[in-house]
Amino acid sequence: MRELVILYRAFKVQWRVLYALMMREIITRYGRENLGFLWLFLEPAIFTLAVTTLWSIVKAGHGHADFPIAALALTGYTASLAWRYGAGRTLAAVQSNIALLYHSRVTVFDLIVSRIMLEVVGATGSFAVLTLIFSSVGLIDFPHDLSFVALGWYLQIWFSAGLSFLVGALGAVYEVVDRIWHVTSYILFILSGAFFLVEWLPPAYREYALLMPTINNIELIRYGFVGDAMIPHYDIPYSAMFNLYLSFFALASYLWIKNKVEPE
Amino acid sequence: MKYLELIDIHKTYSFSHKRGHNKVLNGVSLKINYGDKVGILGLNGAGKSTLVKIIGGIIKPDRGEIIRNMSISWPIAFSGGFQGSLTGFDNLRFICRVYGVSWEDKVERVQDIAELGDYFYEPVKSYSSGMRARLAFALSAVIEFDCYLIDEVIAVGDQRFKERCIGELFYKRQDRSYIIVSHQPSYIKEYCNRFFVLSKGKLIEFENFNDAWSYYSSQ
């Protein structure tokens with residue numbers, strides 16, 4: 001019983017610290033007066049509209065059938081928000097909040113996790129709101145099967161959290177991570193499956209494409225959106241196992257760096 | 001009985017530009033009972049801030065044990081404890097949330113102690129060092145602790161601020177403990193009842209201020 005009370009108190013303090021940090025982040029991230037918050041929705045919206053417009057111009061010459069390009073652009077872009085922004089934000093999480101480590105309740109773990117939570121909520125909110133808006137104006141059809149969307153999104157968020165945590169933990173101590181990340185994130189974005197379907201690849205390359213966990217996740221999300229308008233390729237256990245290993249690796253990195261960060 | 005105990009604390013920092021390391025704390029032991037007013041004198045670089053950070057639980061010693069049987073404040077210093085791109089007001093809200101107290105009723109009190117006026121709603125990075133010291137002190141004054149850790153910060157304020165510090169800490173909270181580390185004697189002499197010198201990685205206790213001071217100034 002006593003242990004339970006201690007555990008309960010520890011959770012309460014943990015949540016309090018994460019809440020305080022998220023509120024602190026919201027101030028600088030979304031600002032008091034700038035468009036930060038709105039931008040979370042505007043960015044993927046602009047991307048989706050631009051791709052759809054370009055596609056309809058190209059399509060005019062090629063005569064593709066009613067391919068659901070808006071749905072593919074929206075899912076690809078929003079599914080990449082959490083890991084791209086997540087890792088971008090966690091990289092600076094410790095350095096820009098290092099003074100807050102003066103409060104012994106605030107740990108490096110909290111600094112990283114609070115930023116991840118905020119990005120996950122932001123990306124998911126942006127995805128859900130834009131899906132509703134776009135489907136209500138008829139730009140896309142409402143998702144055909146939400147269970148595929150939810151499963152794909154869940155795996156993608158898990159991947160994003162794991163990757164962001166890893167990058168944030170190592171980046172807190174090793175400056176070189178920042179430089180490596182900028183290059184890596186571009187390559188990763190291109191390879192992530194945000195811009196193509198596995199079906200578009202030559203059959204011989206498809207199994208290699210599925211080595212990239214995000215491709216599996218995005219295929220699932222897209223299949224949930226457009227149903228039989230595409231032929232999906234995915235491997236759910238592989239994606240889940242990848243996430244599990246990534247999470248272990250991220251936590252191990254945290255244990256490695258956690259005593260190496262000291263406020264001035 | 002509330003107390004704080006440090007047992008054989010060691011802390012070493014490696015140099016980044018060459019081989020070797022600097023033994024900052026080399027076997028420091030200390031026991032403080034609730035109500036003790038501790039003054040620690042140390043030259044610049046003697047490891048005062050390192051010691052304070054270890055007591056505050058911000059950094060871990062390489063070796064040794066710390067028993068915290070009373071609540072201990074964060075180190076009240078010029079920087080640290082608050083975030084520069086946030087305003088004083090935002091920092092107040094952050095700290096209140098972390099320590100689980102309401103902030104709504106603390107604004108007036110903090111403004112009263114820190115006297116920041118409109119600057120309270122400006123980012124901390126635009127503050128002068130005196131203003132930072134006042135904010136640091138005012139923020140710590142709204143959260144109750146058994147023991148306050150004070151790293152030099154009182155020394156910079158002007159006379160008016162010093163009087164406020166004295167009022168808040170040394171009179172309103174005279175039952176509490178505090179640990180003041182400084183390279184200057186002023187507050188330690190007047191408001192402490194236990195006197196230490198931190199030198200060459202060791203913490204030495206003296207019977208009275210004069211003995212501590214003569215040892216300290218003969219270094």
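Read the figures in this text as sums done on the coordinates, not as results from a lab. Computed from a predicted structure; not experimentally measured. In this analysis, Cβ positions are derived from the backbone assuming ideal geometry, glycine residues included, and neighbour counts consider all displayed protein chains.
Observations, loosely collected:
- For q = 0.14 Å⁻¹, Debye-computed log10 I/I(0) when each Cα of chain A counts as one equal scatterer: -1.01
- Counting only DSSP beta bridges whose two residues both lie in chain B, roughly 55 percent are antiparallel.
- If you take the Cα centroid of the stretch B:190-219 and the Cα centroid of the stretch B:85-107, the two points sit 36 Å apart.
- Reachable lysines, given that their alpha-carbon falls under 22 Å from the alpha-carbon of B:K37 and they are not under 8 places away in the same chain: B:K2, B:K48, B:K53, B:K162, B:K172, B:K189, B:K202
- DSSP beta bridges in the protein assembly as shown [antiparallel fraction, %, rounded to 5]: 55 percent
- Model label zone, A:R206; criterion: amide N under 20 Å from point 7 Å along Cα-to-beta-carbon; scope the stretch A:221-256: A:221-240
- Per-selection Kirkwood Rh - the stretch B:110-219 (Cα, Å, 1 d.p.): 15.3 Å
- Helix content alone sets the calculated 222 nm mean residue ellipticity of chain A: runs of n ≥ 4 DSSP H residues at -39500 (n - 2.57) each, divided across all residues, give -25500 deg cm²/dmol.
- For the segment B:70-76, counting C-beta atoms of other chains within 10 Å of every residue's C-beta and taking the mean gives 2.
- Note on the protein assembly as shown: dipole from Cβ charges, positive end direction compared against B:I32, A:A123, A:G86; the farthest Cα belongs to B:I32.
- Here the residues A:W200, A:W158, A:W153, ranked from fewest to most Cβ neighbours within 10 Å of their Cβ, fall in the order A:W200, A:W158, A:W153.
- Order of B:H21, B:H10 under a 10 Å beta carbon neighbour criterion, fewest first: B:H21, B:H10
- In summary, the aspartates and glutamates within cross-link reach of A:K12, defined as a Cα separation below 17 angstrom excluding same-chain residues under 8 places away, comprise A:E3, A:D110.
- A full extension of the chain between B:E163 and B:H17 corresponds to an added length of 48.2 nm, given 0.36 nm per residue minus the alpha carbon distance.
- The charge dipole of chain B, taken about its Cα centre with unit charges on the Cβ of Lys, Arg, Asp and Glu (plus for the first two, minus for the last two), comes to roughly 820 debye.
- Extent along principal axes [Cα atoms of the protein assembly as shown; Å; largest to smallest]: 94, 50, 48
- Taking A:I231, A:I133, B:I32 and counting other C-beta atoms within 10 Å, the order from fewest to most: A:I231, A:I133, B:I32
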